[in-house]
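All remarks here apply to the structure that follows.
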Amino acid sequence: MMLEVTGLTKRYPTGDLALKGVDLTVAAGEVIALIGPSGAGKSTFIRCINRLVEPTSGRVRLNGEDITRLKGRALRRARRRMGMIFQEYALVERLTVMENVLSGRLGYVGFWRSWWRRFPPEDVAKAYDLLGRVGLAEFYDKRADELSGGQRQRVGIARALVQDPELLLVDEPTASLDPKTSRQIMRLICELCRERQLAAIINIHDVVLAQMFVARIVGLRDGEVVYDGRPEGLTPEVLTRIYGEEDWTAAAPSARAQARGGPETDEERLEGLV
Amino acid sequence: MSSSAAAFDARRWRPPPLVRSARLRWLIGLGFALYLAVALGTLEINWLRVWEGLDRGWAFILAFSEPDFLTRWRDIRQGLLESLTMTVVSTVVGIALSVPVALGAARNLAPLPVYLLCRGLIALSRSFQEVIIAIFFVAMFGFGPLAGVLTLSFATIGFLAKLLAEDIEDIERDQAEAVRATGASWPQWLVYGIQPQVMPRLIGLSLYRFDINFRESAVVGIVGAGGIGATLNTAFDRYEYDTAAAILILIIGIVMAAEYTSSLIRARIQ
Ligand SMILES: Nc1ncnc2c1ncn2[C@@H]1O[C@H](COP(=O)(O)OP(=O)(O)O)[C@@H](O)[C@H]1O
Ligand SMILES: [Mg+2]
């Protein structure tokens with residue numbers, strides 16, 4: 001297993017118990033969607049994996065290495081193996097697009113090189129290629145705050161990928177975007193994961209979008225995993241278990257598949273990507 | 001509904017007074033007037049001296065109509081150059097010291113002991129007027145520009161580090177967090193996650209402080225800390241009001257020019 005999380009628990013200093021012993025394994029190249037209501041602990045979960053938040057107890061293993069106890073340099077080396085994509089893009093707004101993407105290489109270069117922006121030419125070439133891949137090749141010298149939301153998220157994706165990560169941690173990548181851009185961004189992330197055999201955990205609150213692109217869905221509620229399975233398994237009963245009482249027939253897969261002829265098999269789902 | 005509408009009289013409405021009780025309001029007003037009268041009584045104004053002073057003041061104002069730049073030109077020039085040097089050196093040294101102090105005084109970066117230490121240093125620098133610090137440094141290191149440079153550098157810390165620390169505390173957290181998530185080291189995190197967010201403010205504050213330091217360099221000179229202030233003081237001591245007027249005109253001109261250019265630059269970088 002590429003990522004093994006066992007008994008992950010987080011209690012914030014305020015007393016909020018955000019995660020209550022979560023177990024989860026992700027295979028190499030596997031993309032999962034983490035769904036659940038706001039406050040379920042989705043952000044806390046992925047932040048505990050790259051230790052932006054310190055877990056209270058539990059284990060996180062990345063390719064066999066326990067990363068819950070790492071410190072200093074070892075922790076930074078573990079972090080550079082995990083790319084992160086944020087809901088509000090989290091680009092450094094006063095830096096250029098190229099500087100933002102290259103900041104994904106900070107874990108690989110020394111301080112003075114990064115201070116003078118003298119990144120190795122291979123890194124700069126890699127960053128430029130990725131900008132091309134996300135469709136922003138000619139934007140490299142623009143300042144990040146001159147871009148639209150969808151463009152910023154593309155830069156955020158390039159920054160995460162330039163790290164050469166083994167795992168992507170994606171926190172609500174589409175929550176600040178319009179429906180069309182949301183689909184494009186989800187499609188781009190899933191395509192890139194497939195091209196590069198990348199594992200990913202994608203936090204997302206849009207159930208339909210998750211079902212459309214991802215073959216394994218994990219439902220989180222109040223810090224506990226209440227569903228782990230295929231998108232077809234999200235029956236109205238299961239959705240009620242995750243989100244609480246509501247009329248779920250419009251989101252449930254059988255009704256949706258009949259209504260729109262959506263993908264029922266993984267092959268169809270991948271077709272949808274292209 | 002109707003009962004509250006009946007209680008409200010649109011013609012008689014006034015905003016509620018600061019002090020509710022009318023008695024207390026009058027008491028406060030009377031007490032204040034009384035205190036003012038007594039305080040004025042203790043001043044013992046010597047009207048004869050006021051009259052003579054008016055005369056001297058008039059002579060001073062007349063001197064402005066014919067300022068004398070030439071008689072003491074060499075002294076003036078030397079004083080101005082010394083002041084400018086003091087300003088540049090103390091601003092540069094002050095910035096160099098302020099940046100680390102500001103990092104330490106930002107609660108979101110520094111651990112508590114460092115934070116308290118840096119905040120203490122800032123409070124110390126801010127609680128003394130420049131002139132008092134200058135007197136202290138003149139007593140320590142003697143007359144001359146060294147005392148002035150030390151004074152202005154120290155005062156710069158209180159100003160720049162405090163305002164910069166506040167800006168650092170206001171940064172966008174997720175921009176900085178995203179840089180940390182890439183595996184950046186702490187200094188790299190500062191340079192990529194923090195510095196771009198506070199740089200415009202740092203430049204603006206530095207230019208602003210440059211103005212202030214030039215103005216203050218004239219003031220601290222009066223207590224012996226070098227610069228144009230010392231020249232000005234000498235001119236007053238010799239009753240050379242025309243020379244003093246020339247010096248004041250030059251100071252005003254330079255301050256205005258510096259303020260104008262720095263506001264231009266600040267407008268550019270915002
Ligand atoms: N920094 C924090 N300090 C205290 N409590 C927090 C913090 N961040 C999140 N929480 C709490 O933890 C719980 C889970 O939050 P979060 O992980 O953000 O959920 P989600 O991303 O699913 O909306 C919530 O109850 C929230 O109030
Ligand atoms: Mg969240």
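The values are calculated or read from the model by the stated rules, or taken from the named source; none is laboratory data. Treat the numbers as computed from the prediction; the structure is a model and nothing was measured. Cβ: placed from backbone, ideal geometry, glycine included. Neighbour counts: every protein chain shown.
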> Does at least one position in the stretch B:190-199 carry a residue that is of a type outside the set (Ser, Thr, Tyr) and either modelled with pLDDT under 90 or outside any helix (DSSP H, G or I) (or both)?
Replying inline: no
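Taking the options B:Arg119, B:Arg107, B:Arg74, name whichever one is outside any helix (DSSP H, G or I) and of a type in the set (D, E, K, R). Give the steps one after another, and end with the answer.
Details: B:Arg119 fails: outside any helix (DSSP H, G or I); B:Arg74 fails: outside any helix (DSSP H, G or I).
Sole residue among the options that is outside any helix (DSSP H, G or I) and of a type in the set (D, E, K, R): B:Arg107.
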> Identify, please: which residue in the stretch A:7-58 is within 18 Å of A:Ala199 (Cα to Cα) and of a type in the set (Ser, Thr, Tyr) and is, among those, nearest to the chain's Cα centre (by Cα)?
Replying inline: A:Ser43
>> When the residues of the stretch B:182-197 are narrowed to those that are of a type in the set (A, V, I, L, M) and buried (at least 21 other Cβ atoms within 10 Å of the Cβ), which ends up nearest to the other protein chains (Cβ to nearest Cβ)?
In response: B:Ala184
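Could you list, in sequence order, the residues of the stretch A:210-236 that are of a type in the set (A, V, I, L, M, F, W, C) and away from ligand 1 (no atom under 16 Å from the Cβ)?
Correct list: A:Met212, A:Phe213, A:Val214, A:Ala215, A:Leu234.
How many residues does the stretch A:181-210 contain that are of a type in the set (D, E, K, R) and modelled with pLDDT under 90?
Kept after step one, since they are of a type in the set (D, E, K, R), are these residues of the stretch A:181-210: A:183, A:187, A:191, A:194-196, A:206.
Then keep just the ones that are modelled with pLDDT under 90; that gives A:206.
Residues that pass the stated criteria total 1.
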> Is at least one residue of the stretch A:175-183 closer than 30 Å to A:Val208 by Cα, surrounded by 21 or more Cβ atoms within 10 Å (Cβ to Cβ), within 14 Å of chain B (Cβ to nearest Cβ) and within 16 Å of ligand 2 (Cβ to nearest atom)?
Replying inline: no
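Regarding B:Leu109, is this residue closer than 23 Å to B:Ser206 by Cβ, more than 21 Å from the chain's Cα centre (by Cα) and in contact (Cβ under 8 Å) with a residue 12 or more places away in the chain?
Numbers: closer than 23 Å to B:Ser206 by Cβ: yes; more than 21 Å from the chain's Cα centre (by Cα): yes; in contact (Cβ under 8 Å) with a residue 12 or more places away in the chain: yes.
Considered against the rule, which asks whether it is closer than 23 Å to B:Ser206 by Cβ, more than 21 Å from the chain's Cα centre (by Cα) and in contact (Cβ under 8 Å) with a residue 12 or more places away in the chain, B:Leu109 comes out as yes.
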>> So A:Arg47 ticks every box in (1) under 22 Å from A:Met186 (Cα atoms); (2) in a loop (DSSP other than H, G, I, E, B); (3) within 11 Å of chain B (Cβ to nearest Cβ) but one. Which box is left unticked?
In response: (2)
>> Looking only at the stretch A:86-105, filter to residues that are at the interface with chain B (Cβ under 8 Å from one of its Cβ atoms) and under 20 Å from A:Leu198 (Cβ atoms); which one of those is surrounded by the most Cβ atoms within 10 Å (Cβ to Cβ)?
In response: A:Gly104
>> Residues to consider are A:Ala28, A:Ala40; find the one that is outside any helix (DSSP H, G or I), within 16 Å of ligand 2 (Cβ to nearest atom) and of a type in the set (A, V, I, L, M, F, W, C).
In response: A:Ala40
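Any residue in the stretch A:14-22 that is of a type in the set (A, V, I, L, M, F, W, C), in contact with a Lys or Arg (Cβ under 8 Å, 6 or more places away or on another chain) and either crowded, with 22+ Cβ neighbours inside 10 Å or without any contact (Cβ under 8 Å) to a residue 12 or more places away in the chain (or both)? Spell out how you get there, then give the answer.
So the first thing to find is which residues in the stretch A:14-22 are of a type in the set (A, V, I, L, M, F, W, C), and the list is A:17-19, A:22.
Adding the requirement that they be in contact with a Lys or Arg (Cβ under 8 Å, 6 or more places away or on another chain) leaves A:17-19.
Now restrict to residues that are either crowded, with 22+ Cβ neighbours inside 10 Å or without any contact (Cβ under 8 Å) to a residue 12 or more places away in the chain (or both): A:18-19.
Yes.
What residue, among those in the stretch A:50-85 that are within 14 Å of ligand 2 (Cβ to nearest atom) and assigned to a loop (DSSP other than H, G, I, E, B), is farthest from the other protein chains (Cβ to nearest Cβ)?
Filtering the stretch A:50-85 down to residues within 14 Å of ligand 2 (Cβ to nearest atom) leaves A:52-53, A:84-85.
Narrowing the set further to residues that are assigned to a loop (DSSP other than H, G, I, E, B) leaves A:52-53.
Working: A:Leu52: 6, A:Val53: 10 Å.
Taking the candidates together, the pick is A:Val53.
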> Hey, among A:Leu239, A:Leu198, A:Leu220, A:Leu209, which residue is more than 16 Å from ligand 2 (Cβ to nearest atom) and closer than 28 Å to A:Glu166 by Cβ?
Replying inline: A:Leu198
> Is the stretch A:118-125 home to any residue that is surrounded by fewer than 19 Cβ atoms within 10 Å (Cβ to Cβ), at pLDDT 90 or above, within 14 Å of chain B (Cβ to nearest Cβ) and more than 24 Å from A:Ser38 (Cα to Cα)?
Replying inline: yes
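Any idea which residue in the stretch A:141-172 is nearest to ligand 1 (Cβ to nearest atom), counting only those that are away from every other protein chain (no Cβ under 13 Å) and within 27 Å of A:Ser38 (Cα to Cα)? Give the derivation first.
Start the filter on the stretch A:141-172 by keeping residues that are away from every other protein chain (no Cβ under 13 Å), which leaves A:141-142, A:146-151, A:154.
If we keep only those that are within 27 Å of A:Ser38 (Cα to Cα) too, we end up with A:148-151, A:154.
Working: A:Ser148: 24, A:Gly149: 19, A:Gly150: 22, A:Gln151: 24, A:Arg154: 23 Å.
Selected residue: A:Gly149.
Restricting attention to the stretch A:222-274, which residues are hydroxyl-bearing (Ser, Thr, Tyr), modelled with pLDDT under 75 and in contact with a helix residue (DSSP H, G or I) (Cβ under 7 Å, 6 or more places away or on another chain)? First the steps, then the outcome.
Going through the stretch A:222-274, the residues hydroxyl-bearing (Ser, Thr, Tyr) turn out to be A:227, A:235, A:240, A:243, A:249, A:254, A:265.
Among the residues that remain, those that are also modelled with pLDDT under 75 are: A:249, A:254, A:265.
Residue satisfying the conditions is A:Thr249 alone.
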